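The values are calculated or read from the model by the stated rules, or taken from the named source; none is laboratory data. Owing to the predicted nature of the structure, the values given are computational and were not obtained by experimental measurement. Backbone-built Cβ (ideal geometry, glycine too); neighbour counts: all protein chains shown. Note: accessible area is taken over every heavy atom of the protein model, side chains too, but ligands, DNA and RNA are not part of it. Shrake-Rupley method; radii C 1.70, N 1.55, O 1.52, S 1.80 Å.
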Amino acid sequence: MQKNLKKPEVLAPAGTLEKLRTAIHYGADAVYIGGNAYGLRSRAGNFTYEEMQDGVRFAKEHQAHVYVAANMVAHEGDMEGAGDFFRKIRDIGIRAVIVSDPALIEICITEAPGLPIHLSTQSSATNYETLNFWKNEGLERVVLAREVSMEEIKEIRQHTDIEIEAFIHGAMCISYSGRCTLSNHMSARDANRGGCSQSCRWKYDLFEMDVTGKRQPVYSDDADEPFSMSAVDMSMIHHIPDFIENGVDSLKIEGRMKSIHYVSTVSNVYRSIVDAYCNDPHNFVFQQAWEDELWKVAQRELATGFYYGVPDEKQQLFGKRRKIPVYKFIGQVLDYDETTKIATVQQRNSFSVGDEVEFYGPGFTHVYQKINKMWDESGEPIERAAHPMMIVKIEMTKPVKALDMMRKRK
């Protein structure tokens, strides 16, 4: 007898309107974006109200949702205008707002009734008593702290029916629940109000002072690598069934500042895994192709964070990194003519006749071929697509679709 499993939402980051459309096209059930205030990603290409309207319209056409992150730590004066902000995004059709500060939560509840609230991971929710507290306050969902283990998720689910969201992929802040002040002290940019300069990812050396006050390097070997205070990235690609079996409602991918290459690839992979497991859990078999696909987007080493134990030194960025095959995102398909078998592509990085390239699309489709013939927009034969965003026509050996991505191995 097949299990009756609830299929969780695949939630992807969207730093821009283009990324929003890409994430949804590649399988995300929902996206989270930033507005022009109250968020933690001041450099993520945050949305204007008009862009939010466009994004919500596109999402509704594809049966998807848009959430807005407003998860800053509010100091005196930061809350000015918050009620108007929440009312505007509610009226635009934003599905929910993600908040951490209790004052902003209270403002949203009282001044923008009808706008669902999700508790941000910044609030460090790690037990079911906390989740039930926020449920009683009127919140719809809690984004769990990244320090929660899989066993704790199981326990939490058994004692509360509030929606649970958990991170499954992306960068991990080395500080507890992302509440860090390194950036504040080292670059005068407030990490908890959208200005993090990622000081933990800088390269550091260690020195000691001798009795004369002279600084001596702790490392004497030239081969020693400078170290950071940073964690490797999280990837729960092998453990999605655990989230589903433990009743997690939303699987969250980090990365509002990442490229459409990253957003499309990661959304595509997790969409495929969730569908495969929920459609036939008893016969589910992990496909190595899913993991291979993740390594085609630039990233750090991957680990499982706190889900299966406290991370050790292997989950931190010490020493030399392993060599990873790196693929370059080189274009996006705008159109394909089935009669002429010609694809119209918008160039994103240079490529040439003779290059071995890969096209990929939603549903985990892939087309591999060598570029044999190529023309510019006016129909003149060319050997190289060298100009940013230029329109190129390519002779195809197999069909592709509009919005498919194109990449090649460096």
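In the range 388-405, how many are part of a loop (DSSP other than H, G, I, E, B) and either at pLDDT below 95 or under 30 Å from Ser272 (Cβ atoms) (or both)?
Filtering the range 388-405 for residues part of a loop (DSSP other than H, G, I, E, B) gives 388-390, 396-404.
Narrowing further to those that are either at pLDDT below 95 or under 30 Å from Ser272 (Cβ atoms) (or both): 388-389, 396-404.
Residues meeting the conditions: 11.
Go through (1) hydrophobic (A, V, I, L, M, F, W, C); (2) in contact with a strand residue (DSSP E or B) (Cβ under 8 Å, 6 or more places away or on another chain); (3) under 23 Å from Cys200 (Cβ atoms) and name the single condition Val274 misses.
In the conditions (1) hydrophobic (A, V, I, L, M, F, W, C); (2) in contact with a strand residue (DSSP E or B) (Cβ under 8 Å, 6 or more places away or on another chain); (3) under 23 Å from Cys200 (Cβ atoms), Val274 misses (3) alone.
Could you pull out the residue among Tyr262, Tyr219, Tyr204 that is among the hydroxyl-bearing types (Ser, Thr, Tyr) and modelled with pLDDT of 95 or more?
Only one candidate passes the filter, namely Tyr262.
Quick one: how many residues across the range 131-153 are part of a helix (DSSP H, G or I), closer than 20 Å to Val73 by Cβ and touching a residue at least 12 places away in the same chain (Cβ under 8 Å)?
Looking only at the range 131-153, we keep the residues that are part of a helix (DSSP H, G or I), and these are 131-136, 150-153.
If we keep only those that are closer than 20 Å to Val73 by Cβ as well, we get 133-134.
Filter once more, keeping what is touching a residue at least 12 places away in the same chain (Cβ under 8 Å): 134.
Summing the residues that are part of a helix (DSSP H, G or I), closer than 20 Å to Val73 by Cβ and touching a residue at least 12 places away in the same chain (Cβ under 8 Å) in the range 131-153 gives 1.
Taking Asp292 as the residue in question, decide whether it is among the acidic types (Asp, Glu), more than 19 Å from the chain's Cα centre (by Cα) and more than 24 Å from Leu144 (Cβ to Cβ). Show your work before the answer.
Values: among the acidic types (Asp, Glu): yes; more than 19 Å from the chain's Cα centre (by Cα): no; more than 24 Å from Leu144 (Cβ to Cβ): yes.
Against the criterion (among the acidic types (Asp, Glu), more than 19 Å from the chain's Cα centre (by Cα) and more than 24 Å from Leu144 (Cβ to Cβ)), Asp292 does not qualify.
Would you point out which residue out of Lys398, Lys296 is exposed (fewer than 14 other Cβ atoms within 10 Å of the Cβ) and in contact with a strand residue (DSSP E or B) (Cβ under 9 Å, 6 or more places away or on another chain)?
Sole residue among the options that is exposed (fewer than 14 other Cβ atoms within 10 Å of the Cβ) and in contact with a strand residue (DSSP E or B) (Cβ under 9 Å, 6 or more places away or on another chain): Lys398.
Quick check on the range 84-96: of everything there that is among the β-branched types (Val, Ile, Thr) and either part of a helix (DSSP H, G or I) or touching a Lys or Arg at 6+ places or on another chain (Cβ under 8 Å) (or both), which residue is surrounded by the most Cβ atoms within 10 Å (Cβ to Cβ)?
Ranking the qualifying residues of the range 84-96, first place goes to Ile89.
For the range 51-63, state whether one or more residues are in a loop (DSSP other than H, G, I, E, B), surrounded by fewer than 24 Cβ atoms within 10 Å (Cβ to Cβ) and touching a helix residue (DSSP H, G or I) at 6+ places or on another chain (Cβ under 6 Å).
yes
Return the residues of the range 279-289 that are open to solvent by 20 Å² or more (accessible area, probe 1.4 Å) and either more than 27 Å from Lys408 (Cα to Cα) or within 17 Å of the chain's Cα centre (by Cα) (or both); say none if nothing qualifies. If you could, list the steps in order and put the result at the bottom.
Taking the range 279-289 and keeping what is open to solvent by 20 Å² or more (accessible area, probe 1.4 Å), we get 279-280, 282-289.
Listed by number, the residues that qualify are Asn279, Asp280, His282, Asn283, Phe284, Val285.
Looking at the range 107-125 only, could you name the residues that are open to solvent by 40 Å² or more (accessible area, probe 1.4 Å) and either assigned to a helix (DSSP H, G or I) or within 16 Å of Phe167 (Cα to Cα) (or both)?
Within the range 107-125, Ile109, Thr110, Glu111 qualify.
Kindly indicate whether Lys6 is surrounded by fewer than 22 Cβ atoms within 10 Å (Cβ to Cβ), farther than 22 Å from Ser120 by Cβ and modelled with pLDDT under 95.
yes
So which residues in the range 238-270 are assigned to a loop (DSSP other than H, G, I, E, B) and open to solvent by less than 10 Å² (accessible area, probe 1.4 Å), if there are any at all?
Val248, Gly255
So, in the range 146-177, how many residues would count as being under 22 Å from Asp233 (Cα atoms) and either open to solvent by 20 Å² or more (accessible area, probe 1.4 Å) or in contact with a Gly (Cβ under 9 Å, 6 or more places away or on another chain) (or both)?
Restricting attention to the range 146-177, the residues satisfying the condition of being under 22 Å from Asp233 (Cα atoms) are 146-153, 164-177.
Retained after the next criterion (residues that are either open to solvent by 20 Å² or more (accessible area, probe 1.4 Å) or in contact with a Gly (Cβ under 9 Å, 6 or more places away or on another chain) (or both)): 146-147, 149, 151-153, 164, 167, 169-176.
So the answer is 16.
Quick check: anything in the range 72-83 in a helix (DSSP H, G or I), in contact with a His (Cβ under 8 Å, 6 or more places away or on another chain) and either of a type in the set (A, V, I, L, M, F, W, C) or open to solvent by 30 Å² or more (accessible area, probe 1.4 Å) (or both)?
Checking the range 72-83: not a single residue is in a helix (DSSP H, G or I), in contact with a His (Cβ under 8 Å, 6 or more places away or on another chain) and either of a type in the set (A, V, I, L, M, F, W, C) or open to solvent by 30 Å² or more (accessible area, probe 1.4 Å) (or both).
Of the residues that sit in the range 155-182 and are of a type in the set (Val, Ile, Thr) and at pLDDT 95 or above, which one is nearest to the chain's Cα centre (by Cα)?
Applying the filter and picking the extreme gives Ile168.
Conditions: (1) crowded, with 16+ Cβ neighbours inside 10 Å; (2) on the phi > 0 side of the Ramachandran plot. Gly138 meets all but one. Number of the miss?
Here Gly138 clears every test but (1).
Please tell me if Phe286 is modelled with pLDDT of 95 or more, in contact with a His (Cβ under 9 Å, 6 or more places away or on another chain), of a type in the set (A, V, I, L, M, F, W, C) and part of a strand (DSSP E or B).
no
Looking at Phe318 and the list (1) buried (at least 16 other Cβ atoms within 10 Å of the Cβ); (2) at pLDDT below 95; (3) in contact with a Phe, Trp or Tyr (Cβ under 6 Å, 6 or more places away or on another chain), which single condition is not satisfied?
The one condition Phe318 does not meet is (1).
For the range 376-384, check the following and say yes or no: at least one residue is open to solvent by 40 Å² or more (accessible area, probe 1.4 Å), within 21 Å of Asp233 (Cβ to Cβ) and not in a loop (DSSP other than H, G, I, E, B).
no
Of the conditions (1) without any contact (Cβ under 8 Å) to a residue 60 or more places away in the chain; (2) part of a loop (DSSP other than H, G, I, E, B); (3) open to solvent by 60 Å² or more (accessible area, probe 1.4 Å), Tyr368 satisfies every one except a single condition; which number is it?
In the conditions (1) without any contact (Cβ under 8 Å) to a residue 60 or more places away in the chain; (2) part of a loop (DSSP other than H, G, I, E, B); (3) open to solvent by 60 Å² or more (accessible area, probe 1.4 Å), Tyr368 misses (2) alone.
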